[in-house]
Amino acid sequence: MKTATKPLHRSNARSAAVTYIRPELEHEEATLHAHLVDILARRQLSALFQPIVNLQNGDIIAYEGLIRGPSDSPLHAPMNLFKVARAIGLTVQVEHLCRQVILERFAELELPGKLFLNVSPECLLQRDARHGGTLEYIHHAGIHPDRVIIELTENQPTYDYELMREAVRHYRAMGFQIAIDDLGEGFSSLRLWSELRPEYVKIDMHFIQGINNDPVKLQFVRSIQEIAEKSNTLVIAEGIETQAELLVIRDVGVANGQGYHLGRPHAQPARAAPAEVVKALTRTGVAVYPQRGAEKNAATILKLLNQVQTVPSKMTNNEVYEIFLKEPKLLIIPVVDGDQPLGLISRFEMIDHFARPYQRELYGKKSCRQFMDAKPLIAEQDTSLQELSFRMVQADAHHLFNGFIITDQGRYLGLGTGHDLMREITQMQINAARYANPLTQLPGNVPINEHIDRLLESGTRFWACYVDLDHFKPFNDVYGYRRGDDVIQLTGNMLRDRCDANRDFVGHIGGDDFMVLFQSEDWETRCEGILADFEQDVQEFYSTEDRERGGYLSEDRQGKKVFYSLMSLSIGVIRVDPRQYYTHHQIATAAAESKRQAKKIHGNSLFLDRRQQTQD
């Protein structure tokens, strides 16, 4: 039943510019229309159900009901089904039959948990569709209303928010809960979230797929999760297709998930999540978050500045209304006297008021202050994006849609939008992704410490490996810093290649020092592979003569000629058991000591400090 349909535009034979339609196309259209009418008459729709899984324990907490037309029909896909329905004005009838079929089949299968039932705002707002029809279907199927979540699927812009609120109140009064579908994709999903305060929001699959490799998507989801926690909303991540995506989503704190990795839509769906999914979710450990390069400067909200037409407070509501009519894309108008910002007027608030009886007659000639938000979010131009995003989360939800006023020492400069802010904070937040070594692009000290803290908090066992190059400084002196940089990059790439990107964290402390945090049980084999790779590949950085004699002459700090062996790699390891260490400072100290022991061993070496190791 879920689909992203668009209105079907048909030619108008009476218009000045006539579009010619081939007779065979007209015949095909008429055939599809007749076919849809026949499907409705014979109830030839079937229901599929896709599980929604609790990401903390792997339990199936609900199913989303989906619909299909006849299997041998061009209207089998819901997109085609609703496209034809919209073209001939049968959307409401099709949606009602879909609800009946899904509810009846859900009850027949005796599926556990709740049912997410897709409803378009267009159908929700039909006056004759809100007088108990759905409740009647539910009672007939023997399902209690508190097991049904009305999932709003937005296919067209929604403007009548007052009517939407009324419809949602109607459904809640009957015992239903509300969900918003495809957050981040719809025309006005953020506004709907603010207006309707749903119990659930579903994040569009675009932001979920590949999140384990995309720090921007990760930050978007983290921001949505933070807002959800403030508004007592449960988040459902749609489109989870891999275990790596699943574990990142779980670690962000998202409550529930949906997608092919958890279960495909099926006429007789499973009553438990796949065993490998449950095992992954209940296993201790943390996902490795994607990282990004360091930001050179902390950006301020000045980069979000938009020049928007302002109006003085003496302007009447009628005049402001005319501005909105002339500018269909204009959503917010700031009210400014001189250079002093007073408030914001929302297009939707204005239209909503004027749509009510006698409102325009009563208030049309009065000051536009009448419908102005007199307590807008105002921030100075040097406010950081992080600070403003924090204020936005703490403030009332409508500010996310209305935006904020940007000032210079209290004087009006312009306007910023919540959409622009959301876009920017996905790119730079106070998190590990901001701190990367510019040479290797590996995470630096801050994200290394953050990942250690996440590991300690999770109570999982892991191995901290301090990796250091031996004889690097004399090599740098003899062969030059450019060749030295190449060796450091080689080392970083080797560490990455030998690690499991979803379980093992590779960081660059600085210079020729690295940190690897293994959750992989075969960490020792991986370390041996790193040492073997380095011993072989580092040879290419020396002259033939130095390779043959196994080293080279260089001056030490006292100016004496000293023979240095070829570079080697020292890896000092500590095993970290639950409750053995409590801070990343303790881990760093113990790993550094283990590294010092490793460097006492000639050549490529691996040293595991067993002194504080607990028994299995």
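Derivation of every value follows stated rules applied to the coordinates shown; laboratory data play no part. Note that the structure is predicted; figures quoted are calculated from it, not measured. Here Cβ is always computed from backbone atoms with ideal geometry, including for glycine, and neighbour counts include all displayed protein chains.
From the residues 324, 335, 363, which one has its Cα farthest along the dipole of segment 301-425 in the positive direction, the dipole being from +1 and -1 charges on Cβ of Lys/Arg and Asp/Glu about the Cα centre?
363
Assigning unit charges at the beta carbon (Lys, Arg +1; Asp, Glu -1) and nothing else, what dipole magnitude in debye, to the nearest 20, does the chain show about its Cα centre? Don't skip to the answer; put the middle values down first.
Numbers: 69 positive and 82 negative charges, 216 e Å.
Magnitude of the dipole: close to 1040 debye.
So which trypsin sites (Lys or Arg not before Pro) in segment 510-616 are both in a DSSP loop and have at most 15 other Cβ atoms within 10 Å of their Cβ?
Numbers: sites: 526, 547, 549, 557, 560, 561, 575, 579, 595, 596, 599, 600, 610, 611; in loops: 557, 560, 579, 600, 610, 611.
Qualifying residues, ordered by number: 557, 560, 579, 600, 610, 611.
Need one number: nm distance between label points at residue 319 and residue 231, each 7 Å from Cα along Cα→Cβ, rounded to one decimal.
Distance between the two pseudo-spin positions: 3.5 nm.
Between their Cα atoms, which of 326/375; 230/279; 473/561 are more than 23 Å away from each other?
Details: 326/375 26 Å; 230/279 30 Å; 473/561 14 Å.
Cα-Cα > 23 Å for 326/375; 230/279; rest within.
Below 14 Å, Cα to Cα, which aspartates and glutamates can residue 595 reach? Residues fewer than 8 away in the same chain don't count.
The reachable aspartates and glutamates, counting only those whose Cα sits under 14 Å from residue 595, are 468, 470, 512, 513, 609.
Output the 0 to 90 degree angle, nearest 10, between the alpha-carbon long axis of helix 584-599 and the longest principal axis computed from the alpha carbons of the chain.
40
As I understand it, the value is the acute angle between the Cα axis of helix 385-394 and the longest principal axis of the Cα atoms of the chain; what does it come to in degrees, rounded to 10?
50
Sort 214-220, 63-69, 105-111 for me by packing, meaning the mean count of neighbouring Cβ atoms within 10 Å per residue, highest on top.
On the way: 214-220: 21.7, 63-69: 23.6, 105-111: 16.1.
Descending mean neighbour count gives 63-69, 214-220, 105-111.
What is the distance in Å between the Cα centres of segment 373-411 and segment 538-616?
With segment 373-411 and segment 538-616 each reduced to a Cα centre, they are spaced 51 Å.
Once the piece of chain linking residue 140 and residue 76 is laid out straight, how much longer is it, given 0.36 nm per residue of separation minus the C-alpha distance between them? The partial results should precede the final answer.
Details: separation 64, 0.36 × 64 = 23.04 nm, distance 2.66 nm.
Extending this stretch completely gives an extra 20.4 nm.
Starting with the highest mean, order 449-462, 357-370 by the number of other Cβ atoms within 10 Å, averaged over the residues of each peptide.
Working: 449-462: 18.6, 357-370: 13.9.
Going from most to least packed, we get 449-462, 357-370.
How far is it, in nm, from the label point at residue 562 to the one at residue 166 when both lie 7 Å from their Cα along the line to the Cβ?
For the pair residue 562/residue 166, the computed spacing is 8.6 nm.
Treating the beta-carbon of each Lys and Arg as +1 and of each Asp and Glu as -1, no other charges, what is the dipole magnitude of segment 435-609 about its Cα centre, to the nearest 20 debye?
Numbers: 20 positive and 29 negative charges, 91 e Å.
Roughly 440 debye, rounded to the nearest 20.
At residue 532 and residue 579, where each label point lies 7 Å from the Cα along Cα→Cβ, what is the point-to-point distance in nanometres?
Modelled inter-label distance: 3.9 nm.
Output the peptides 416-422, 254-260 sorted from most to least packed, where packing is the average of other Cβ atoms within 10 Å over each peptide's residues.
Numbers: 416-422: 19.4, 254-260: 21.9.
Final packing ranking: 254-260, 416-422.
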